[in-house]
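Please treat every number below as a calculation from the coordinates, not as lab data. Just so it is clear, the structure is predicted and the values come from calculations on it, not from any experiment. Cβ: placed from backbone, ideal geometry, glycine included. Neighbour counts: every protein chain shown.
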């Protein structure tokens, strides 16, 4: 991945002048850059806290097209990793907002505002990576789904009873 996000973003095509939006596939087909380069750019933007909507608004990409393209089995694992890293970004922002607040001798209004911003970052971290930042941390399965297998209901099977035939002959 390129370390300089500004260089990668500079390669994005200029937004269209009309109100129509384009899809990532149309960007790739235009020859501006490859799917791998587009994926690297989007990964970097997501890790830096950008939402899909912000990426789409900034670069005039359709939200449905971007979502469909990123959910492709080839791209999805990398984007999922980027989303987990984005949760780390929000957790770091939550702490830095409060740290900066304490060092600047803030007013009461600034304390309230910083608290709200910090809570928003905390929520984003919690929802982005529940296994790591959730309210109830799962220490047994590392966030993986647990499949429960039932070996029985705990009721002893009924023993067979021999019946006496009393029907008339």
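For the range 86-140, go through all pairs of different Cα atoms, get the mean of 1/r, take its inverse, and jot down that Kirkwood value in Å.
Details: mean 1/r = 0.0851 Å⁻¹.
About 11.7 Å for the range 86-140.
For the pair residue 110/residue 71, report the inter-label distance in nm, with labels modelled 7 Å from Cα in the Cβ direction.
4.4
Run the simple label-point estimate for residue 63 and residue 159 please: 7 Å along Cα→C-beta, distance reported in nm.
6.8
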